[in-house]
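Below you'll find the structure, written out as structure tokens, and then a few comments.
Every number here is computed from the coordinates shown, using simple stated rules; none is lab data. This is a predicted model, so every value here is computed, not measured. For neighbour counting, all protein chains shown are included, and Cβ atoms are generated from backbone atoms with ideal geometry for every residue, glycine included.
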Amino acid sequence: MADRDYLGEFEHIIVLALLRLEERAYGVTVRQEIELRTKREVSIGAVYATLDRLEKKGYVKSHRGDPTPERGGRSKRFFRVTAKGVTAVNRTQRALQSMTEGLGLIQRYT
Amino acid sequence: MTPQPFALQPPRLAVWLVDLFTLPDDAEQIMGDLLEEFSQLASKSGVVFAQRWYWRQAVKTIAYLVPTAFNVAPWSTTAGVVGGFLTRRLLGRLVEPAIFAVLERYHVYQYHFKIYMFFASTGIDIGHLITFLFVGCVVALLAKRREMVPAIGLGLIFAAMAVVGSLAVVARTGDYTSLWRLTWYFADSFAILIGGAIVRTRRSAATTLPSDA
């Protein structure tokens, strides 16, 4: 059943941000990308909690970069979407499209 | 670690609070990300703006991480809260007899009446405060890596019990002056959090010191 799971709203947004950022995806860039595109302030805690959950589900993978001085000598944790993650985002996207098809939401409610 | 210039340091209290509530696995990345963005904002929009941003991020991050940490390990956290509650019930009964035993042992009533009166009133409150602090430490010691979560849970339970109990007393007696006792009860809940924070801070120091050396 887990392989037929849909992504939650914030999970969906995070995976799309990772896909956009490609190899530049780590906490700061993911947070800023989401803020830039959704115009909502997101906490770094929410980003990491969601990324940890996605990693446990096997939708993303992470690796540590080198420590940098502007981060007080701390390393970055880079994320990338796995094949399973791409399948999940496509499945979610198709489900949303199918649910909104024919509703004309943008014309009706904006 | 490379020290940052003084003007570009994020608010120390906010840094400490984030560190307190972050899981050790995520701490390095979260603290590093916050510092990196803080430095970017400080040079772009000013230190005051960056400090406000840091505080907002700290509060939101803590608000998000606490329930998340509970969801990750609900049973062990609940067991810690229940264990802490029962420990406090057990210890709470011993505070008054212990204080009076000491006062009688040293004949404080005969020789130092003012001291006797202090320990017989405020001393008992302080004794309870110390037991809450101890319980906070015990609960945090048992909850590995999530020290603050059961401490917060237990603190909230005692605070809620104090509010309900005090309101019940006011409703029954109509005596609003009894509400001042709430300050002591809230201090008790706060002592649990302090206990948790002490354990967490000591553990963090123990794990980071060897690598820094």
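In a simple Cβ point-charge model (Lys, Arg +1; Asp, Glu -1; nothing else charged), chain B has a dipole of about 380 debye relative to its Cα centre.
Output the 0 to 90 degree angle, nearest 10, between the alpha-carbon long axis of helix B:47-72 and the longest principal axis computed from the alpha carbons of chain B. In chain B, helix B:47-72 runs at an angle near 60 degrees to the longest axis. For the residues of A:16-27, the average number of beta carbons from a partner chain within 10 Å of their own beta carbon is 1.
When the Cα positions of B:GLN57, B:ILE126, B:GLY195 are compared along the charge dipole of the protein assembly as shown, B:GLN57 comes out farthest toward the positive end, with charges on each C-beta of Lys, Arg, Asp and Glu. Seen against the Cα atoms of chain B and their longest principal axis, helix B:12-21 is set at about 80 degrees. Any idea what angle helix B:122-142 forms with the longest principal axis of chain B, computed on alpha-carbon atoms, 0 to 90 degrees, nearest 10? Taking the Cα atoms of chain B, the angle to B:122-142 is about 40 degrees. For segment B:115-169, trypsin sites (Lys or Arg not before Pro) are listed when DSSP marks them as loop and at most 15 other Cβ atoms sit within 10 Å of their Cβ; the list is B:LYS144, B:ARG145.
For B:HIS112 and B:PHE134, the difference between the fully extended length at 0.36 nm per residue and the C-alpha to C-alpha distance is 5.0 nm. Of the residues A:VAL15, B:VAL149, B:VAL139, A:VAL89, the one with the fewest other Cβ atoms within 10 Å heads the list, and the complete ranking is A:VAL89, A:VAL15, B:VAL149, B:VAL139. Its Cα centre serving as origin, the protein assembly as shown has a Cβ charge dipole (Lys and Arg +1, Asp and Glu -1) of approximately 320 debye. For a paramagnetic label modelled on B:ASP175 (point 7 Å from Cα along Cα→Cβ), amide N atoms under 17 Å away belong, within segment B:101-130, to B:121-122. Listed by chain and number, the lysines whose alpha-carbon sits under 21 Å from that of A:LYS56, ignoring those within fewer than 8 places in the same chain, are A:LYS76, A:LYS84, B:LYS144. Among the trypsin sites (Lys or Arg not before Pro) within segment A:11-75, those in coil by DSSP and having at most 10 neighbouring Cβ atoms inside 10 Å are A:LYS39, A:ARG40. Residue by residue along A:37-46, Cβ atoms of other protein chains within 10 Å of the local Cβ number 6 on average. The 3J(HN,Hα) values that the Karplus relation (6.51, -1.76, 1.60; θ = phi - 60°) gives for segment B:168-178 are, in residue order, 5, 5, 4, 5, 7, 9, x, 9, 6, 5, 5 Hz. Gly and Pro appear as x. Proximity of backbone amide H atoms, modeled 1.01 Å from N, is registered between A:ALA25 and A:PHE79 at under 5 Å, excluding neighbours fewer than 5 places apart on the same chain. I need the chymotrypsin sites (Phe, Trp or Tyr not before Pro) found in segment B:63-117, filtered to DSSP loop residues with at most 13 other beta carbons within 10 Å of theirs. Answer in residue order: B:TYR106. Per residue of B:21-30, other chain Cβ atoms within 10 Å of the residue Cβ number 5 on average.
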